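Just so you know, all these numbers are worked out from the coordinates, no wet-lab data involved. Not measured: the values here are computed from a predicted model. As a convention, Cβ positions derive from the backbone with ideal geometry for all residues, glycine included, and neighbour counts pool all protein chains shown.
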Amino acid sequence: MADMRIRRMRLSDLKDVTRIEDMSFPKPWSLNAFISQLSSESSVCLVVEDDDRLIGYLVATQYVGVWHLLDLAIHESYRRRSVASRLLDHFFEMTGRQQHRGYTLEVRKSNRGAIKMYESFGFICSGIRKGYYGDNGEDALIMWRDSEDMLA
Ligand SMILES: CC(C)(COP(=O)(O)OP(=O)(O)OC[C@H]1O[C@@H](n2cnc3c(N)ncnc32)[C@H](O)[C@@H]1OP(=O)(O)O)[C@@H](O)C(=O)NCCC(=O)NCCS
């Protein structure tokens, strides 16, 4: 994957993005949810391409001084090749220099792979939202990572 490239998401990416979203989550985001994040000034929407093929994306938004990682998925055939890790590195680099309190996200309790990945980026489990996911009543783990200032 020598030609892997990370850039800002555009409206014209949404067909590919929603295709990956639909194959990745039991309750995928709607097209409108992505459009709304793309039009928000407080949000960062990134995609990763391999040879011009869109293979993954990340969506995050900042409110009350905290970055909320809202959505992250990689095309099935590109998983376990450090693509999500590269996206996360890029995101932390982009946002790390700004003043903020830290990063948070919610993840399904059963999503062991994602939890392991977030832990390797310094996230820790800071709470549980009981029955958070409407499709199967699964709990969400709330994960937190301090800002670079606090880590230093
Ligand atoms: C979770 C997800 C984004 C990871 O993307 P990825 O590009 O495969 O992740 P990486 O290759 O960067 O993985 C980094 C590390 O995380 C851990 N990890 C990632 N996926 C894992 C899995 N399925 N099982 C176990 N460990 C896993 C491993 O430690 C991995 O390092 P290794 O491959 O050297 O062992 C991807 O599996 C995905 O899109 N899943 C469906 C959507 C989803 O669950 N998103 C997260 C919602 S919060």
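Across the range 94-109, in residue order, what do the Karplus-derived ³J(HN,Hα) couplings come to in whole Hz, using 6.51 cos²θ - 1.76 cosθ + 1.60 with θ = phi - 60° and x for Gly and Pro?
The phi angles translate into 4, 9, x, 7, 7, 6, 6, 8, x, 10, 9, 7, 10, 9, 4, 4 Hz.
In a GNM of the chain with a 10 Å cut-off on Cα contacts, which of 134, 96, 65 has the highest mean-square fluctuation?
Taking springs between Cα atoms under 10 Å, the residue moving most is 134.
Using the Karplus curve 6.51 cos²θ - 1.76 cosθ + 1.60 with θ = phi - 60°, what ³J(HN,Hα) values do you get for each residue of the range 10-24, in whole Hz, with x for Gly and Pro?
For the range 10-24, the Karplus-derived couplings read 10, 4, 5, 7, 5, 5, 5, 4, 5, 5, 5, 4, 5, 7, 9 Hz, x marking Gly and Pro.
Quick one: which residues, 5+ away or cross-chain, put their amide H under 5 Å from the amide H of residue 68? H built at 1.01 Å from N.
61, 62, 63, 104
Kindly give Rg over Rh for the chain, based on alpha-carbon atoms, with the Kirkwood expression for the hydrodynamic radius.
Reported Rg/Rh, Kirkwood definition of Rh: 0.94.
In whole Hz, what ³J(HN,Hα) sequence does the range 61-77 give by Karplus (6.51, -1.76, 1.60; θ = phi - 60°), x for Gly and Pro?
Taking θ as phi minus 60°, the curve returns 9, 10, 8, 6, x, 10, 7, 9, 7, 8, 7, 7, 8, 10, 3, 3, 6 Hz for the range 61-77.
What is the sum of charges, Lys and Arg at +1 and Asp and Glu at -1, for the other residues whose Cβ falls under 9 Å from the Cβ of residue 50?
Net local charge, residue 50 excluded: -2.
Show the residues, 5+ positions off or on another chain, whose built amide H is closer than 5 Å to the amide H of residue 128.
Under 5 Å from the amide H of residue 128: 142.
Quote the relative contact order of the range 12-152 in percent (integer), defining contacts as alpha-carbon pairs under 8 Å separated by 6+ residues.
Contact order relative to length: 17 percent.
For a quick check: with amide H placed at 1.01 Å from N, whose amide H comes under 5 Å from residue 138's, ignoring anything fewer than 5 positions away on the same chain?
Those lying under 5 Å, H to H, from residue 138 are 133.
Cα centroid distance between the range 46-87 and the range 3-29, in Å?
Here the two parts' Cα centres lie 9 Å apart.
For residue 27, list the lysines whose Cα falls under 18 Å from its own Cα; do not include residues on the same chain fewer than 8 positions away.
Reachable lysines: 15, 109, 130.
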